[in-house]
Amino acid sequence: MAYPSKKTPEIVGRFLEAIRNGRSAAQACKSEGMPSTQTIIKWAENDPEFAAQYEKAKEERGNYYGELVAEISLAGLQGKYKDSAMLRAAIDGLKWSAARMAPKGFGDRIQHEHSAESSYVDALRAVQGKVSEESGEGTIAQRLPVRAREAAKKPTIQ
């Protein structure tokens, strides 16, 4: 079978729509008039705009799978499926795929980001400098230098 390799907006649109609707790239490429999977890979490598559209379509496929989990679960609750083991396997597979393709909506991992630009010792020195500036000489306690606890020193038993 000869595959078209010319990238036209119509072919790209049909391919991305198939991905959004839950089909894999291999399945989409088997349709009549679609390019081969190798051609799709080359397009993604050489065209950043197509690569971004393809990634977005895969994320939307993950959302589709996530919604499909809810539909299958409801059908199972309504008694439309008799084999609960098959139902569980289908739901687990779709949940796993949805979590990988659309981690923002269906991922298991919670990500926290934090950063520290300086240490607490630097913050204490800044406070000490402010106190010294505002009060002139200040009290003896205000003039004492800030010392950080040394973690390396361990108390010795005698």
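The values are calculated or read from the model by the stated rules, or taken from the named source; none is laboratory data. Predicted model, so just to flag it, every value in this text is computed and none were measured. Methodologically, a virtual Cβ is constructed for each residue, glycine included, from the backbone with ideal geometry; neighbour enumeration extends over all protein chains shown. These area figures cover heavy atoms from the full protein model, side chains too; ligands, DNA and RNA do not enter into them. Shrake-Rupley method; radii C 1.70, N 1.55, O 1.52, S 1.80 Å.
Taking only the range 61-96 into account, find how many residues are at positive phi and in contact with a Lys or Arg (Cβ under 9 Å, 6 or more places away or on another chain). Steps first, answer last, please.
Kept after step one, since they are at positive phi, are these residues of the range 61-96: 79.
Filter again for in contact with a Lys or Arg (Cβ under 9 Å, 6 or more places away or on another chain), leaving none.
The total comes to 0.
Helices (runs of 4 or more DSSP H) fully within the range 63-153 that include at least 1 residues being small (Gly, Ala, Ser), under 30 Å from Glu17 (Cα atoms) and at pLDDT 80 or above: 84-101.
Residues in the range 39-87 that are surrounded by fewer than 14 Cβ atoms within 10 Å (Cβ to Cβ), basic (Lys, Arg) and under 22 Å from Phe106 (Cβ atoms): Lys56 alone. Pairing each residue of the range 53-72 that is polar (S, T, N, Q) with any residue that is at pLDDT below 90 and surrounded by fewer than 16 Cβ atoms within 10 Å (Cβ to Cβ), provided the two are 6+ apart or on different chains, yields C-beta distances under 8 Å for Asn63/Gly105.
Filter the range 25-48 for residues that are free of Cβ contacts under 8 Å to residues at least 12 places away in the same chain and acidic (Asp, Glu) and give the result. Once the filter is applied, which keeps residues that are free of Cβ contacts under 8 Å to residues at least 12 places away in the same chain and acidic (Asp, Glu), the range 25-48 yields Glu32, Glu45.
Test Glu17 against the criterion of being part of a helix (DSSP H, G or I) and open to solvent by less than 100 Å² (accessible area, probe 1.4 Å), and give yes or no. Yes, satisfied.
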